[in-house]
Amino acid sequence: MTVVNGQVINHSQLTTYHSQLKTLALKKYNDQPISEVIKELIAKNNWKSKLYQNKVKEIWLLQMGPSIGSYTKEIKLRGKKLYISISSAPLRQELAYSKTKIIDLINSGLEEEYVTDVIIR
């Protein structure tokens, strides 16, 4: 087992990952910047949601601060929906009224319009 980008993968997945990297690197576009190669690899394997999962947690704690962070039980990003579990009912209600603002804060931290909906539970 190996860890790649925070994900535990087995040997066959690692072999596939390496062959995909080689394929992308050996394209006739060898003058392509590495950032473009990485973006292409992420898009090809649908890893964007997985990569954004941890970044969204960091943005949430940074933007909301320690007081709201202490009431946050769980943050999950599934597709383009953000699921936030809050332990305090009054805070949950207050945040439900601020969904648009939360989406804007998270998307500005991600530097793209990725999150389309917030589900607060």
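The values are calculated or read from the model by the stated rules, or taken from the named source; none is laboratory data. None of the values given here were measured: they were computed from a predicted structure. A quick note on method: Cβ atoms are made from the backbone with ideal geometry, for glycine too, and the neighbour counts reach across all protein chains shown.
So here's what we get for this one:
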item	result
Matching residues, the stretch 85-108, being within 17 Å of ASN54 (Cβ to Cβ) and either charged (D, E, K, R) or in contact with a Lys or Arg (Cβ under 7 Å, 6 or more places away or on another chain) (or both)	SER85
Inter-residue pairs, beta-carbon under 6 Å, first aliphatic (A, V, I, L, M) and modelled with pLDDT of 85 or more and in the stretch 38-56, second surrounded by 13 or more Cβ atoms within 10 Å (Cβ to Cβ) and not in a helix (DSSP H, G or I), 6+ apart	VAL56/LEU77
Test result for GLY65, farther than 18 Å from ASN107 by Cβ and at pLDDT below 95	yes
Residues located in the stretch 59-84, provided they are closer than 19 Å to SER49 by Cβ and in contact (Cβ under 8 Å) with a residue 12 or more places away in the chain	ILE59, TRP60, ILE75, LYS76, LEU77, ARG78, GLY79, LYS80, LYS81, LEU82, TYR83, ILE84
Flag if LYS39 is surrounded by fewer than 15 Cβ atoms within 10 Å (Cβ to Cβ), under 22 Å from LEU21 (Cβ atoms) and charged (D, E, K, R)	yes
Residue check for LYS81: surrounded by fewer than 16 Cβ atoms within 10 Å (Cβ to Cβ), touching a strand residue (DSSP E or B) at 6+ places or on another chain (Cβ under 9 Å) and under 29 Å from GLN13 (Cβ atoms)	yes
